[in-house]
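Heads up: the structure comes next, in structure tokens.
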Amino acid sequence: MEMFLIAPIAYLIGSIPSGLILGKLFWNTDLRKFGSKNIGATNAYRTLGIYPAIIIFAADFVKGILGVLLGIYFLNTPIAMIIGGIAVIIGHNWSLFLRFSGGKGVATGLGVIAILMPIVTLAIFIVWVLIVVFTKYVSLASIVAAGLVPILAYFWIGQIEYIIFSALAAGFVIYRHKSNIIRLLKGTEVKIKAGNK
């Protein structure tokens, strides 16, 4: 019975539109009306600046953690934790409260793997930061970091459940960046720059 509760509860947690709620509550801003129209930390950074972006990133990151903790609370098995993790990412990307639209899953996905695979999380975060610093393309950093997760999971973790999870999570993130990939290939992707609305 507990296994059947994990996915729907985690999905609902993931569906909470942190960026939309926090943007309206504290900065009187609907992020869906500015920049890329996305409610994640990157658009918050471009629209509102660094501190709102950090807060929104943290809120989405915590959602990922909570999804995995649900699995630990109910069954405390790798499969239960992975189900909670996948469900919370799906909820974030395709939110019940936003007519099945949402974010791109980067911060929430990072929260999930921070619990499941801490060493992998540290490695991809370093890669993400380096790419952003040298290229100013957050989308490129997110795509590359996501693609590295299943590779590092294979070599450093080795458990099939984590490898399959990593591939699914990476696929979600990369898919949500499909428009960014097109712009990167065309050379029209916008580099990161802080806003101050």
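Coordinate-derived values only; no laboratory data. No experiment lies behind these values; they were computed from the predicted model shown. Cβ sites come from the backbone with ideal geometry, for glycine too, and all protein chains shown count toward neighbours.
Entry note, the stretch 51-197: relative contact order of 21 percent, from Cα contacts under 8 Å with a spacing of 6+ residues. Roughly what angle does helix 160-176 make with the longest principal axis of the chain, taking Cα atoms, 0 to 90 degrees, to the nearest 10? For helix 160-176, the angle is close to 20 degrees.
Modelled spin-label separation between LEU122 and LEU168, with each label point placed 7 Å from Cα along the Cα-to-Cβ direction: 2.7 nm. Computed from Cα positions, the angle between helix 106-116 and the longest principal axis of the chain comes to roughly 30 degrees. In degrees between 0 and 90, to the nearest 10, how far off the longest principal axis of the chain does helix 50-74 point, with axes built from Cα atoms? Taking the Cα atoms of the chain, the angle to 50-74 is about 10 degrees. Oblate is the label for the chain. Its Cα gyration tensor axes, ordered a ≥ b ≥ c, give a/c of at least 1.5 and b/c at or above a/b. Scoring 105-114, 79-88, 135-144, 31-40 by mean Cβ neighbours within 10 Å over their residues and listing the highest first yields 105-114, 79-88, 135-144, 31-40. Counting only lysines at least 8 places from LYS193 when in the same chain, those with an alpha carbon closer than 22 Å to its own are LYS24, LYS33, LYS37, LYS104, LYS136, LYS178. FRET efficiency for the VAL129 to ILE79 pair, using the beta carbon distance and R₀ = 30 Å, is estimated at 0.40.
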